[in-house]
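Contents: one structure, followed by commentary.
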Amino acid sequence: MQHRISIILGLSAALLFAPAVRAGDLLQTYRDALANDSQFAASRAQLDAGREKIPQARAGLLPTIGLSANSNWNDLEVKRPAAADSRFNSNGYVLQLTQPLFRWQNLVAYDQSKLQVAQSEAVFAQARQDVILRVSQAYFDVLLAQDTLTVAQGQKKAIAEQLEQAKRNFEVGTSTIVDTHEAQSRYDLAVAQEIAAQSDLDIKRQALRQVVGKEPDALKALKSTVQISRPQPDDIQQWVSAAEQNSYSVQAQQAGLQIATREIDRQRAGHYPTVDLVASRNHSKGLGSGGISFGTSETDSNVIGVQVAVPLYQGGLVSSREREAAALKQKAASDLDSARRAAGAGGQPGLPRRQQRHGAGQGARGGVGVLAVGARFEQARLRSRRAHQHRRAQRPAATLHHPARPVQGALRHAARATAPEGRRRLAGRGRRAADQRPARTLIGWKPHPAGLSDRHARRAAPVLAPRLAFL
C-alpha cells in the first residue's frame, strides 16, 4: 500500500509540476507530512497498539506458570496429652503450572483479536489517505491564494494608474471631481481586496504548515501544459460501487460488526464450564526447638490433575452482558450501513463539495484524487486569468465592483452642490473668481431637455438632498 501511494504521488508530481530550483513539490510535501503530521503519528501509534491484541488474546490459550515462596515463624503449644511448647521456623515454595483445556471465551477472544488488528490496519490506511488529501488540498490552496494575490496586486496597480490619470484630468479641467472620487473608491476597494488576498494566503500557508509540521518552502507551480487524464473506468457508478464495498471506512465497520457478533458468543461463554490442567510441586522445610523437639523435617510433594469449574449462579451478570453485546451488535450493523451510504453518496454529483470529499474520499481516492485537485486548481487559475484580462480590456466597467455606490455618491454630490454652501465648498479655496463657477458644471450637470431651469433645480435641491443622502 505504501509503495503504491508513493508511485501515485510521484507520477502526479511529475505530471503537474515543472522543474524549479529550491522549491518543494507535492511529493516532498507529502513526505514531510508523513514525518511531522501529528494526526498521522497518532494513527501510527494507534496501529501499533492495535497489533498487540493478538499476543494478548493468545496468552489466554497458553499455560501460565507461577512460583511462590514463604518463610514462617511458628509458635506451637501442646496441652494434651502432655504440655509442651515448640518454636520453629519453616520455609517452603510452590511451583504451579496451569494449562487451559477448555475456555470458550478465550478462544472467541483470540478470533476477535485478529479482527481488531484488521480494523486497526483499515483505520490506519484511511488515515494515510487523509494525509494525501489534506496535503494536496493545502498545497493547491496555497498556490491558488498566491495567484489570487498576484491578480489583486495587478488590479491595484492598474486602478492606481487610473486614479492618477483622473487626478490629472481634474487638474486640467477635462473631468469632474466625481470621476476622481470614483477612481479613489475603486482604488480603496482594490487595496482592501489585496489585504484580503494577503490574509487568505497567510491562512492557507498556516494550514499547510499545520500539516507538514514546519514552515513550507517555496512551492512548485503547475505546468502550463498540464493535461489531466480522466479516471479509468470513466463511470461514476462503478466508483460508487467500489467505494461501498472496498473503502477503508466500510472495511473497518465490517470488522467492527464481526467483532460485535463474536462478543455475544464470548459473553455467553460465562455459562459454560472451564477445564484446566493443573500441576504443582510443593517443598517445605522446618526446624523445631523447645520443650518438644521435632527435629528437622523436609517434605516434597508433586501434584498433577484436572480442575473443572462450573458456574451455577452469578446474580444475572452473564445474561445482562449477553443482552448488552446483542445491542452493540445492532449498533455495529447500523454503523456499517451508514458507512456504506456515506461512501456511496460521496461520489454522487450534485452534493456539497465538503460532503463529497468526506464520502467519496473514503473509497476510490488516492492518485485520482490528487489529479482531480490539480485539475480544479488549474481551471480556477485559468478562470482568474481570463477575468483579469477581461477587466483590463474593459477597464471602466471591470473596476466597478459595486456599480450602485458611485452612482449614489454622484447623486449625493449633485444634491449638495446645488446648494449655495455646496458650490462654495466644491469651488475650493484660493481659486480665481473666474474659476468659481457653479458646481453643477464641475460634476457635468446639464439642464433637463424639457427645460428645467436653474431656479427649479435650486428649489428641488433642499427636498432631494435629505433623501439622496441615505442612498
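Coordinate-derived values only; no laboratory data. What you see is a predicted model; the values in this text were computed from it and never measured. Cβ sites come from the backbone with ideal geometry, for glycine too, and all protein chains shown count toward neighbours.
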Most positive-pole-ward Cα, Gln210, Ser185, Gln198, against dipole of the stretch 174-218 from beta carbon charges: Gln210
Fewest-first ranking of Val318, Val306, Val142, using other Cβ atoms within 10 Å as the exposure measure: Val306, Val318, Val142
Entries of Lys167/Lys204; Lys79/Lys285; Lys53/Lys204; Lys53/Lys214; Lys156/Lys223 with Cα pairs more than 29 Å apart: Lys167/Lys204; Lys53/Lys204; Lys53/Lys214
Whole-number D in µm²/s for the stretch 180-325 (Stokes-Einstein; Kirkwood sum over Cα pairs; 25 °C, 0.890 mPa s): 93
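Peptides 330-343, 67-80: what's the order by average Cβ count within 10 Å, highest mean first?
Going by the mean number of other Cβ atoms within 10 Å, highest first, we get 330-343, 67-80.
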Residue among Pro100, Val142, Leu115 farthest towards the positive dipole end of the stretch 94-164, charges placed on Cβ: Pro100
Neighbour-count order for Tyr93, Tyr248, fewest beta carbons within 10 angstrom listed first: Tyr93, Tyr248
Residues of type aspartates and glutamates that Lys331 reaches as a straight line, Cα spacing below 15 Å, ignoring anything fewer than 8 places off in the same chain: Glu263, Glu322
Over the stretch 161-207: Rg over Rh, Cα atoms, Kirkwood Rh: 1.29
Quotient of C-alpha Rg and 2.2 N^0.38 Å, computed over the stretch 66-212: 2.93
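Ranking Thr29, Thr148, Thr261 by Cβ neighbours within 10 Å, fewest first, what do you get? List each step's numbers first, then the result.
Numbers: Thr29 24, Thr148 21, Thr261 17.
In order of increasing Cβ crowding within 10 Å: Thr261, Thr148, Thr29.
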